[in-house]
Amino acid sequence: MIEKSLVLLKPDAVQRCIMGKVITRFEDAGLKIIGMKMVWVDEVFSKKHYKAHVDKPFYNGLEKFILSGPVVAMAVEGISAVETVRKIVGGTEPKSAQPGTIRGDFAHHSYHYTDARGVPIRNLIHASGNKKEADEEIKLWFKKNEMHTYNTVHDSHVL
Ligand code: AMP
């Protein structure tokens with residue numbers, strides 16, 4: 001039941017200087033950050049991370065976007081962390097993401113707008129889609145010695 005999930009603050013979140021506000025959303029929900037670093041990825045790494053999307057028409061734009069600046073990678077842990085993180089993040093398209101979610105509150109890009117201009121959708125966050133993906137992604141992004149075990153107040157209040 002306690003799971004880990006990978007969260008990336010994409011270059012738009014970093015460059016808009018809202019890293020703190022976004023990270024607070026996860027901390028406020030009681031999720032534990034057990035790994036965190038800033039990384040500027042290259043084409044090879046992007047293709048590994050987005051292996052499910054490399055053949056899709058939007059991949060080139062997505063790669064250009066993810067390479068456009070550093071990202072913050074976080075491994076977060078909590079009860080049903082994959083589902084909980086995705087709930088906090090909101091739907092992929094910011095325009096239709098629910099208010100109260102990160103994408104709904106901090107962005108409003110739409111597919112209609114980005115498709116017409118051939119630009120990538122700026123949606124601030126990547127969040128693992130399921131537990132298998134989360135385990136693979138955490139292995140890709142973090143070495144064992146970059147992951148940490150420690151107690152937070154939530155260990156006594158929630159777990
Ligand atoms: P996902 O693995 O479903 O989260 O998708 C990975 C990323 O690909 C999303 O966060 C978007 O940045 C991008 N993406 C997914 N679907 C589309 C789409 N239909 N058009 C453009 N970009 C997309």
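Bear in mind these aren't lab numbers, they're just calculated from the coordinates by the rules spelled out. If you're wondering where the values come from, they're calculated on a predicted model, not measured in any experiment. For neighbour counting, all protein chains shown are included, and Cβ atoms are generated from backbone atoms with ideal geometry for every residue, glycine included.
Brief remarks follow.
- Helix 19-28 and the long axis of the chain differ in direction by around 40°, with both axes built from C-alpha atoms.
- Fewest neighbouring Cβ atoms within 10 Å first, the residues GLU63, GLU137 line up as GLU63, GLU137.
- Neighbour-count order for PHE142, PHE58, fewest beta carbons within 10 angstrom listed first: PHE58, PHE142
- Separation of the range 90-120 and the range 131-157, taken as the distance between their Cα centroids, equals 28 angstrom.
- As a proxy for reagent exposure, ranking THR92, THR149, THR84, THR24 by other Cβ atoms within 10 Å from fewest up yields THR149, THR24, THR92, THR84.
- For the range 28-100, the alpha-carbon coordinates run over 35, 30, 20 Å along the three principal axes, in decreasing order.
- Cut-off under 5 Å, modelled amide H: who pairs with VAL71 long-range: VAL39, TRP40, VAL41
- A Cα-only calculation for the chain places Rg and Dmax at 15.3, 50 Å.
- Backbone N under 15 Å from the GLU146 label point (7 Å along Cα→Cβ), restricted to the range 70-108: 70-76
- Note on the chain: GNM, Cα springs under 10 Å; of HIS109, HIS148, HIS126, the largest mean-square fluctuation is that of HIS148.
- The range 1-153 - percent relative contact order, Cα under 8 Å, separation 6 or more: 36 percent
- Computed over the range 66-147, the P(r) curve from all C-alpha pair distances, binned at 10 Å from the origin, holds 17, 41, 34, 9, 0 percent per bin.
- Prolate/oblate/rounded label for the range 1-54 (Cα gyration tensor, a/c 1.5): oblate
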